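Asks: The structure is given below, and queries will be raised subsequently.
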Amino acid sequence: MRFKLKPREADSHKGSFGTVLVVGGCRGMYGAPSLCGSSALASGCGLARVAVPDVCLEVVAGYDRQYTTIPLPCDESGKISHAALNPILEEAQKASVIAIGPGLGQSKELDELVRVLYKKSDKPMIIDADALNALSRSSLKFKASHPRILTPHPGEFARLSGATEKQTREEQIDAAKEMALQLSAIIVLKGHKTVVTDGIHTYTNKTGNPGMATGGAGDVLTGVIASLVAQQYDPFDAAQIGVYVHGLAGDLAARSLGQTSVTAERILEFLPAAFKKLEKDAK
């Protein structure tokens, strides 16, 4: 399948390409929100803002000088506390899309915070990692009135769906289609040949390789998809293009370095080449 990127007008400015708000991180999990923010910028958004517990702020800010950081209230363990809800909602008003979950950690306060944000925020939202685990404990029977893209790996999806027995890949794909319909959401079921479905349309990705089975790769993917949504791509198109380009970056990294040495940072480094190849192939 050929994907086409939107042209960039000569009089464009950073506001033309949207703002991604990343919400995540906790003590000991500094890299995940950083990778997400950096990948969003490498994927073309105008601005990326990374909101993390205040104890993480300096480390996250030092990872990449190109995004800005936002300190959030945290609990004694260094996780975002429920007191951060209103500040996040206020910051979301300045953003085009929210990416929540990378490095978030787990707590009862976070379960409630994620549930309320999922229901209340009027911004498109990409939900990944521990934000998915938080939703799995809230029964997830509600529909959001604004675009929601859930990006689970098979284990996270099993928890979301409440599966009591191990499912085959085909059974999980069928369950993902059903869940997408129930929630009016888009499910990105990660893994070999990642599947994107809204319950009516389904796309099976063909890029990517086993070298990408590495910590942080999903955080990079979340940033790519969020960036495309910020640039006003249709959410389903953003998810399709996102998984394609992410896998292509992994393939280019593996071709250069070998699959054994592919890491999340290497995938991030090859994103520009992947977007360039996508543009060339679309001509």
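The values are calculated or read from the model by the stated rules, or taken from the named source; none is laboratory data. Bear in mind the structure is a predicted one, so any value in this text is a computation, not a measurement. Heads up, the Cβs are rebuilt from the backbone with ideal geometry, glycines too, and the neighbour counts pull from every protein chain shown.
Asks: So which of 143, 166, 206, 120 is of a type outside the set (Val, Ile, Thr), without any contact (Cβ under 8 Å) to a residue 12 or more places away in the chain and touching a helix residue (DSSP H, G or I) at 6+ places or on another chain (Cβ under 9 Å)?
Replies: Sole residue among the options that is of a type outside the set (Val, Ile, Thr), without any contact (Cβ under 8 Å) to a residue 12 or more places away in the chain and touching a helix residue (DSSP H, G or I) at 6+ places or on another chain (Cβ under 9 Å): 166.
Asks: So, one more: If residue 134 satisfies all but one of (1) surrounded by fewer than 21 Cβ atoms within 10 Å (Cβ to Cβ); (2) closer than 30 Å to residue 60 by Cα, what's the number of the condition it fails?
Replies: If we test residue 134 against (1) surrounded by fewer than 21 Cβ atoms within 10 Å (Cβ to Cβ); (2) closer than 30 Å to residue 60 by Cα, just (1) comes out false.
Asks: From the residues in the stretch 1-57 that are touching a Phe, Trp or Tyr at 6+ places or on another chain (Cβ under 9 Å) and among the basic types (Lys, Arg), which one is surrounded by the most Cβ atoms within 10 Å (Cβ to Cβ)?
Replies: For the stretch 1-57, the residue satisfying everything is 49.
Asks: Okay, next question. Please determine whether any residue of the stretch 104-112 is over 23 Å from residue 193 (Cα atoms), of a type in the set (S, T, N, Q), assigned to a helix (DSSP H, G or I) and modelled with pLDDT of 95 or more.
Replies: For the stretch 104-112, residues over 23 Å from residue 193 (Cα atoms), of a type in the set (S, T, N, Q), assigned to a helix (DSSP H, G or I) and modelled with pLDDT of 95 or more: absent.
Asks: Keeping to the stretch 242-283, report how many residues are under 17 Å from residue 37 (Cβ atoms) and more than 22 Å from the chain's Cα centre (by Cα).
Replies: Residues that pass the stated criteria total 0.
Asks: Restricting attention to the stretch 1-53, which residues are part of a loop (DSSP other than H, G, I, E, B) and hydrophobic (A, V, I, L, M, F, W, C)?
Replies: Matches in the stretch 1-53: 1, 3, 5, 10, 26, 29, 45.
Asks: How many residues does the stretch 227-263 contain that are in contact (Cβ under 8 Å) with a residue 60 or more places away in the chain and among the hydroxyl-bearing types (Ser, Thr, Tyr)?
Replies: 3
Asks: Could you grab the pairs with beta carbons closer than 8 Å, sequence gap of 6+ or different chains, first residue in the stretch 56-77 and on the phi < 0 side of the Ramachandran plot and aliphatic (A, V, I, L, M), second one surrounded by fewer than 16 Cβ atoms within 10 Å (Cβ to Cβ) and in a helix (DSSP H, G or I)?
Replies: 70/87; 72/54; 72/87
Asks: Could you look through the stretch 187-218, keep only residues that are in contact with a strand residue (DSSP E or B) (Cβ under 7 Å, 6 or more places away or on another chain) and of a type in the set (D, E, K, R), and pick out the one that is surrounded by the fewest Cβ atoms within 10 Å (Cβ to Cβ)?
Replies: 193
Asks: Report yes if some residue within the stretch 141-163 is modelled with pLDDT under 95 and among the hydroxyl-bearing types (Ser, Thr, Tyr); otherwise report no.
Replies: The answer is yes; a qualifying residue exists.
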